[in-house]
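Take a look at the structure set out below.
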Amino acid sequence: MSTLTAFGKLPTLNSATILLVGTNEVFQQQLAETILTEKQDLKVNIHLTTSLPLPAERDHIRPRIDLIVFMINLQSKLSFTNIEASLLHVDANFFLGKVCFLATGAGRMNRINVEMNAILKLADLYCSPVLFCELECEKIRITTAQRLLRMLQICAGHVSGFSALSFSSLMKSSIDDSSFMA
């Protein structure tokens, strides 16, 4: 079991890989299926895991991972602590635009067990954007899948003029700017 490295493998032409990390396997599976049904010019590989580290590679089978999405269920403290522990197994270079946090369950405020502030602090600590969504709603799941696909294309280097780091900085600054507008 080893640390995931961001630039350990060369990119593959017209292909990109996303890793979904989270304890709610139903939401992971639904999101993965939605991502795969979206029309794209890119071959998308999706890997699901409940936590990191991943098992050791055998014969270099694992593809290059272009984007890691840490899925935090706001209704489960276990989900949050699992993600905190998993973050320790990710190389620092991933946090140069190749990681995002996906907070689910924000629609039911009366059932939230993880404070929004804790999610925002975690995202700030790891210089990564946060997407808040409700994956139970199909329309929101489709929109989230489209956003993740666009991020994946950028992270994999398939969008000219954008790097993962510049895109992540742009997302982060737009979130920071919106808090000043309120």
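The values are calculated or read from the model by the stated rules, or taken from the named source; none is laboratory data. Model, not experiment: these values are computed from the prediction. Positions of Cβ are backbone-derived with ideal geometry, glycine not excepted, and every protein chain shown enters the neighbour counts.
Restricted to region 24-36, and to residues that are in contact (Cβ under 8 Å) with a residue 12 or more places away in the chain and surrounded by fewer than 19 Cβ atoms within 10 Å (Cβ to Cβ), which residue is nearest to residue 78 (Cα to Cα)? Ranking the qualifying residues of region 24-36, first place goes to 25.
For region 108-127, the count of residues that are in contact with a Lys or Arg (Cβ under 8 Å, 6 or more places away or on another chain) and buried (at least 19 other Cβ atoms within 10 Å of the Cβ) is at least one. In region 5-16, the count of residues that are modelled with pLDDT of 95 or more and not hydrophobic (A, V, I, L, M, F, W, C) is zero.
Restricting attention to region 51-74, the residues that are surrounded by 15 or more Cβ atoms within 10 Å (Cβ to Cβ) and either under 26 Å from residue 112 (Cα atoms) or charged (D, E, K, R) (or both) add up to 11.
Might you check whether a residue that is in a helix (DSSP H, G or I), among the β-branched types (Val, Ile, Thr), touching a strand residue (DSSP E or B) at 6+ places or on another chain (Cβ under 6 Å) and at negative phi occurs anywhere in region 131-153? Scanning region 131-153 turns up at least one residue that is in a helix (DSSP H, G or I), among the β-branched types (Val, Ile, Thr), touching a strand residue (DSSP E or B) at 6+ places or on another chain (Cβ under 6 Å) and at negative phi. Residue-level analysis places residue 51 among those that are out of contact with any Asp or Glu (no Cβ under 7 Å at 6 or more places or on another chain), among the hydroxyl-bearing types (Ser, Thr, Tyr) and closer than 21 Å to residue 26 by Cα. Taking first residues from region 105-129 that are hydrophobic (A, V, I, L, M, F, W, C) and partners that are part of a loop (DSSP other than H, G, I, E, B), the Cβ contacts under 6 Å between residues at least 6 apart in sequence or on separate chains come to 106/74; 112/74; 114/74.
Specify the residue that is farthest from residue 109 (Cα to Cα); the eligible residues are those in region 132-150 that are at pLDDT 95 or above and buried (at least 18 other Cβ atoms within 10 Å of the Cβ). Among residues in region 132-150 that are at pLDDT 95 or above and buried (at least 18 other Cβ atoms within 10 Å of the Cβ), the one farthest from residue 109 (Cα to Cα) is 149.
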